[in-house]
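Below: one structure, written as structure tokens.
The values are calculated or read from the model by the stated rules, or taken from the named source; none is laboratory data. Here the structure is a predicted model, which means the values were calculated and not measured. Every residue, glycine as well, gets a Cβ built from its backbone with ideal geometry; the counts of neighbours run over all protein chains shown. Only protein heavy atoms, including side chains, enter the accessible area calculation; ligands, DNA and RNA are left aside. Shrake-Rupley method; radii C 1.70, N 1.55, O 1.52, S 1.80 Å.
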Amino acid sequence: MKNLTLIMLLIFPLPVVGQNHFLGLKGGVNWTNATSTFLVDNNNRTGFSGGLTYEYRLKKHFIIGADLLYLQNGFTNDITFTDKNGNPIGEKGRSDFNYDYISFPLKGGFIMGNRIEGFVNLGIVPSILIDAKTVVPTFDGHETFNVTDRVTKFDFGGLIEIGGNFKFNDRLFLLTSLTYQHSFTTLTNPDYFADDKITLYGMTLSIGLKYALAKE
């Protein structure tokens, strides 16, 4: 956390006057899944991603930035119902493992173009868990368990992002991006899937608008 604080202090106090600062809003669709040594037959959770985005252009082709995002991450797991002897009875269900985060991507990369710009970013993604629920199937429906107090609260991962900007004018831009994100840390601990290591990964497709706080 000390390293994260230092990075934030280095990024945000940059002088605004006469520089290229961009602030915007973006939202999109999040598809995430998980690696696990215990759970198999996992599938994607489709969720929402959205929030604020900030960009600073160091030079003509180099950028750094930070986001403040709400992310709906997680995965689903298929279950086959069995009888008391462990034999399949022909019915299946699905368990949903939902993990919602406030995420703080910090990134830097390369941008080129004029009216239409393309960019590539690499970065790190510290995230804080705000809600976690497990939805399990039953013979007459489903049951939801709140596991927020059991899941590891801090997640740390990396990202690669590609995208483009379309200039409406010198100040207003339409942005689109596709981001791949993978956690380096596990959300398990001695109180939650103690014998397993579960890490999240996924893709986010975003669209939004950003505004230049200072002219190019």
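The residue that is surrounded by the most Cβ atoms within 10 Å (Cβ to Cβ), counting only those in segment 147-164 that are out of contact with any Pro (no Cβ under 9 Å at 6 or more places or on another chain) and closer than 30 Å to Ala212 by Cα, is Gly163. The residue that is most open to solvent (accessible area, probe 1.4 Å), counting only those in segment 165-210 that are among the aromatic types (Phe, Trp, Tyr), within 30 Å of Gly118 (Cβ to Cβ) and touching a residue at least 60 places away in the same chain (Cβ under 8 Å), is Tyr201. Scanning segment 120-162 for residues that are touching a residue at least 24 places away in the same chain (Cβ under 8 Å), among the small types (Gly, Ala, Ser) and farther than 13 Å from Pro105 by Cβ turns up just one, Ala132.
Of all residues in segment 1-27, those being more than 30 Å from Tyr192 (Cα to Cα) and either part of a loop (DSSP other than H, G, I, E, B) or at pLDDT 50 or above (or both) number 16.
Residue selection: Asp96 satisfies the criterion of being open to solvent by 20 Å² or more (accessible area, probe 1.4 Å), at negative phi and touching a Lys or Arg at 6+ places or on another chain (Cβ under 8 Å). Of everything listed in (1) touching a strand residue (DSSP E or B) at 6+ places or on another chain (Cβ under 6 Å); (2) over 20 Å from Trp31 (Cβ atoms); (3) open to solvent by 80 Å² or more (accessible area, probe 1.4 Å), the single unmet condition for Thr144 is (3). Taken residue by residue, segment 104-113 has at least one member that is at pLDDT 95 or above, closer than 30 Å to Arg57 by Cα, assigned to a strand (DSSP E or B) and among the charged types (D, E, K, R). Residues in segment 168-209 that are assigned to a loop (DSSP other than H, G, I, E, B) and closer than 28 Å to Glu55 by Cα were compared, and the one that is modelled with the lowest pLDDT is Asp170. Applying the condition of being at pLDDT 90 or above and aromatic (Phe, Trp, Tyr) to segment 35-77 and asking which residue is least open to solvent (accessible area, probe 1.4 Å) yields Phe75.
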